[in-house]
Amino acid sequence: MATYRIAVLPGDGIGQEVTPEAVRVLKAVGKGAGVSFEFEEALVGGAAIDATGAPLAPGALALCRRAHAILFGAVGGPKWEGVAHEVRPERGLLALRKELDLYANLRPAKCFPMLVDASPLKRSVVEGTDLMVIRELTGGLYFGEPRGVERFADGGARAVNTMAYTSREIERIARTGFEVARKRRKRLASVDKANVLVVSQLWREVVTRVAGDYPDVTLEHVLVDNCAMALVQRPTQFDTLVTENTFGDILSDEAAILAGSMGMLPSASLGGAVGLYEPVHGTAPDIAGRGIANPIAAILSAAMLLRYSLDMQQEADRVERAVQRVLEQGHRTADIAAAGVRPAGTREMGDLIVREVEAQG
Ligand code: NAD
């Protein structure tokens with residue numbers, strides 16, 4: 001029987017409440033599929049700072065490197081807002097991304113039919129939306145050199161950031177884009193600003209060259225300003241999008257709004273030998289500790305783990321179907337419940353989804 005080692009880093013706040021539900025779902029999937037999972041926990045974020053003084057506990061990185069995949073919760077909260085910059089809770093996540101070379105961030109945005117009315121967009125626009133934004137995570141404007149602020153004697157100043165990409169960096173994220181599109185509806189939109197930026201011109205050149213290796217995937221190039229409009233005008237025209245760091249940061253948040261609630265959105269960060277899976281949301285200090293957080297984002301992150309790190313497509317489908325069924329049956333956590341509906345708590349929603357997974361196994 002195949003055994004997969006999963007590093008579990010729940011972090012802080014509702015990260016500690018939703019991650020156990022994702023673990024339970026994986027256990028249920030494992031039973032049905034005849035594979036076993038070994039879960040090993042480590043501290044990250046504020047929890048790690050409190051226990052060890054560092055935002056990533058000693059040994060946590062080694063544990064992640066040994067694992068087949070990482071299930072991550074969320075980090076941060078008001079308690080740690082005053083701590084020094086180098087030991088802030090999010091440094092734990094950034095350190096993991098850097099050390100594990102996680103350069104590709106996958107953010108699906110799917111509008112579940114029964115939650116269409118939770119979206120701020122009209123039903124006619126948003127219905128049927130099912131897209132994936134792939135954001136380059138380690139290059140571009142956020143990391144390029146030179147960067148800094150120059151102060152002048154007359155009181156003025158000049159600040160610089162640099163958008164830089166090598167063809168190698170573009171090629172590897174383009175390949176991720178084509179590979180992911182292949183597992184979906186085989187359509188890839190590469191988003192750039194090639195009418196203005198030379199970086200985007202290189203981006204387009206490299207993506208077009210890589211497309212030659214993926215004749216089964218239809219590629220189109222879209223300017224980022226057009227893409228921003230199209231996402232709220234006709235989101236159903238997109239399947240998989242791939243773009244650089246800054247554009248991806250903005251477009252993935254725009255796409256997230258289509259899906260309704262933060263509690264529904266999973267993500268994956270891929271690149272090196274081991275992938276990291278986490279809900280898009282944070283630690284939600286306003287509801288933490290009350291057992292009411294929506295675990296679906298964490299559970300759908302576990303489905304992505306099955307799909308992208310373990311290549312267990314059927315099992316990933318099974319988890320996604322179980323979530324859909326439970327929603328179809330009318331169950332809702334507080335964040336997505338209509339007025340007058342009794343909301344399910346975190347654990348109860350986890351139970352319902354585990355039961356559906358078992359029923360399908
Ligand atoms: P947040 O995502 O934690 O919360 C935003 C709003 O959405 C809140 O009202 C919250 O109650 C609600 N919400 C989020 N997830 C939910 C869920 N699963 N179920 C029900 N409701 C949910 O964002 P924020 O309030 O801006 O940040 C809070 C803390 O989380 C901060 O310390 C921030 O730095 C941190 N954060 C961490 C990550 C991460 O670890 N990747 C990401 C974002 C924010």
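The values are calculated or read from the model by the stated rules, or taken from the named source; none is laboratory data. Being a predicted model, the structure only gives us computed values, none of them experimental. In this analysis, Cβ positions are derived from the backbone assuming ideal geometry, glycine residues included, and neighbour counts consider all displayed protein chains.
At a glance:
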{"read-out": "In the range 81-106, residue farthest from the ligand (Cβ to nearest atom) [restricted to those that are in contact (Cβ under 8 Å) with a residue 40 or more places away in the chain and assigned to a helix (DSSP H, G or I)]", "value": "LYS98"}
{"read-out": "Residues within the range 204-220 that are in a strand (DSSP E or B) and surrounded by 15 or more Cβ atoms within 10 Å (Cβ to Cβ), tallied", "value": "1"}
{"read-out": "Residues satisfying the stated conditions in the range 290-306, i.e. near the ligand (Cβ under 6 Å from one of its atoms) and either within 23 Å of MET132 (Cα to Cα) or out of contact with any Ser or Thr (no Cβ under 6 Å at 6 or more places or on another chain) (or both)", "value": "ASN294, ALA297"}
{"read-out": "Cβ-Cβ under 7 Å pairs, at least 6 apart or on other chains, the range 324-348 side over 19 Å from ARG290 (Cβ atoms), far side in a helix (DSSP H, G or I)", "value": "ARG325/GLU356; VAL326/LEU352; VAL326/ILE353; VAL326/GLU356; LEU327/MET114; LEU327/LEU115; GLU328/MET114"}
{"read-out": "Candidate set: the range 307-318, residues that are in contact with a helix residue (DSSP H, G or I) (Cβ under 6 Å, 6 or more places away or on another chain) and of a type in the set (D, E, K, R); chosen: the one nearest to the ligand (Cβ to nearest atom)", "value": "ARG307"}
{"read-out": "Residues located in the range 1-39, provided they are within 16 Å of the ligand (Cβ to nearest atom) and of a type in the set (A, V, I, L, M, F, W, C)", "value": "ALA7, VAL8, LEU9, ILE14, VAL18, ALA22, VAL23, VAL25"}
{"read-out": "Residue among GLU127, GLU145 that alone is among the acidic types (Asp, Glu), assigned by TED's automatic domain parsing to the domain that holds VAL199, more than 18 Å from ALA255 (Cβ to Cβ) and surrounded by fewer than 17 Cβ atoms within 10 Å (Cβ to Cβ)", "value": "GLU145"}
{"read-out": "Among the residues listed as VAL232, VAL242, VAL196, the single one being out of contact with any Asp or Glu (no Cβ under 6 Å at 6 or more places or on another chain) and assigned to a loop (DSSP other than H, G, I, E, B)", "value": "VAL196"}
{"read-out": "Flag if ALA230 is closer than 27 Å to LEU121 by Cβ and within 16 Å of the ligand (Cβ to nearest atom)", "value": "no"}
{"read-out": "Considering residues of the range 148-166 that are surrounded by 12 or more Cβ atoms within 10 Å (Cβ to Cβ) and free of Cβ contacts under 8 Å to residues at least 40 places away in the same chain only, the residue nearest to the chain's Cα centre (by Cα)", "value": "ALA164"}
{"read-out": "Candidate set from the range 179-199 (those that are touching a strand residue (DSSP E or B) at 6+ places or on another chain (Cβ under 8 Å) and without any contact (Cβ under 8 Å) to a residue 40 or more places away in the chain); member that is surrounded by the most Cβ atoms within 10 Å (Cβ to Cβ)", "value": "ALA194"}
{"read-out": "Residue check for ILE287: within 16 Å of the ligand (Cβ to nearest atom), closer than 30 Å to ARG347 by Cα and either in a helix (DSSP H, G or I) or of a type in the set (Ser, Thr, Tyr) (or both)", "value": "no"}
